[in-house]
Amino acid sequence: MNSFDFSTKIASKRFENPIFTASGCASSGQELSQFFPLSEIGAIVTKSIMSKARTGRITPRMAETPSGMLNSIGLQGPGIDLFLERDIPWLIENKSKIVVSIAGESVDEYGVLARRLRAVQGISAIEVNISCPNVENRGQVFACQPDTASAVIESVRRNIGGELPIIAKLSPDVTDIVEIATSVIKAGVDGLALINTLLGMVIDLNTMQPKLGGKTGGLSGPAIRPIAVRAIYQVHQAFPNTP
Ligand SMILES: Cc1cc2nc3c(=O)[nH]c(=O)nc-3n(C[C@H](O)[C@H](O)[C@H](O)COP(=O)(O)O)c2cc1C
């Protein structure tokens with residue numbers, strides 16, 4: 001039975017419903033497809049992909065917290081070539097709507113990734129994960145300053161061409177999230193994804209050492225839900241027409 005219309009649009013692209021996976025929580029959908037047909041959800045947002053294959057950060061990469069978890073996966077992934085050769089065809093075969101999340105270490109890397117994706121058939125949108133350290137600027141996270149956030153989006157916009165919608169994924173680790181939203185909207189995004197994880201740290205009281213190999217990690221889960229609700233509320237107040 002499918003008598004309700006939950007469909008939604010981002011720019012020109014239509015999605016059957018607004019339920020999308022959170023990037024990094026379902027890889028490229030293979031494991032999730034054991035539980036239900038991927039065509040039943042609005043889209044699979046793939047794990048953020050970078051130009052080159054990456055092994056990620058040292059283990060342990062997960063730490064439980066009282067109401068959530070910390071992860072420091074470090075954007076482990078196959079790199080764009082293998083992703084396009086292996087994961088995209090698999091998702092298309094499984095009739096999934098695809099939102100490709102991209103991540104880079106420089107403004108140029110985001111542009112290169114956008115250029116690689118522009119001619120790929122079967123993609124419904126690009127999500128730009130700007131919560132990454134900029135190696136060209138002392139590791140400052142792109143998402144934390146309006147100028148670097150917008151520089152990334154401008155680079156993606158220039159290189160993507162056509163009408164593929166661009167979604168910017170914002171970090172809550174900022175003083176004023178509306179300021180960042182303003183900068184990426186001016187730079188040409190069609191939609192926003194809120195929120196990425198918050199930077200956190202857990203100490204093992206037995207060893208007095210950080211529990212994560214990489215020391216710090218991203219906090220997710222019920223602990224951050226009120227922060228997400230607040231951030232969405234603030235941004236929606238400022239930009240009621242931006243999905
Ligand atoms: C293990 C793990 C890996 C993640 N990887 C990515 C990623 O590659 N790109 C990204 O934009 N967000 C990534 N995230 C962040 C999630 O997409 C989401 O924004 C975050 O978990 C907050 O939502 P939640 O509290 O509902 O989990 C990851 C989160 C987790 C837990």
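Per-structure values
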read-out: Lys, Arg +1 and Asp, Glu -1 on Cβ, resulting dipole of the chain about Cα centre, debye, nearest 20; value: 100
read-out: Proximal charge balance of residue 204 [Cβ under 15 Å; K/R count +1, D/E count -1]; value: +2
read-out: Cα centroid of segment 4-55 to Cα centroid of segment 75-101, whole Å; value: 10
read-out: Residues with amide H under 5 Å from that of residue 10, placed H, sequence gap 5 or more; value: 15
read-out: Neighbour net charge for residue 97 - beta-carbon separation under 11 angstrom, K R +1, D E -1; value: +1
read-out: Furthest towards positive pole of dipole, 6, 197, 223, structure part the chain, Cβ charges; value: 197
read-out: Local electrostatic count at residue 72 - Lys and Arg +1, Asp and Glu -1, tallied over other residues with Cβ under 11 Å; value: +4
read-out: Surface share of carbon and sulfur [accessible, 1.4 angstrom probe, percent] for the chain; value: 54
read-out: DSSP bridge orientation in the chain - percent antiparallel, rounded to nearest 5; value: 55
read-out: Violating pairs (Cα-Cα greater than 22 angstrom) within the set 47/97; 9/95; 47/186; 47/211; value: 47/186; 47/211
read-out: Student exercise, segment 129-243 dipole from Lys, Arg, Asp, Glu Cβ charges, in Debye to nearest 20; value: 220
read-out: Which of 89, 160, 183, positive extreme of dipole for the chain (C-beta unit charges); value: 89
read-out: Cross-link partners of residue 215 among aspartates and glutamates (Cα-Cα below 14 Å; sequence separation of 8 or more within a chain); value: 64, 204
read-out: Solvent exposure of segment 18-132 as accessible area per residue, Å², 1.4 Å probe; value: 48
read-out: Cα-centre dipole for segment 25-116 with unit charges at Cβ (Lys and Arg positive, Asp and Glu negative), debye to 20; value: 80
read-out: Spin-label model distance (nm) - residue 121 vs residue 238, 7 Å beyond Cα toward Cβ; value: 4.0
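The values are calculated or read from the model by the stated rules, or taken from the named source; none is laboratory data. No experiment lies behind these values; they were computed from the predicted model shown. No Cβ is skipped: glycine too gets one built from the backbone with ideal geometry, and neighbour counts run over all protein chains shown. Each accessible area value is taken on the protein alone, full model and side chains, heavy atoms only, with ligands, DNA and RNA left out. Shrake-Rupley method; radii C 1.70, N 1.55, O 1.52, S 1.80 Å.
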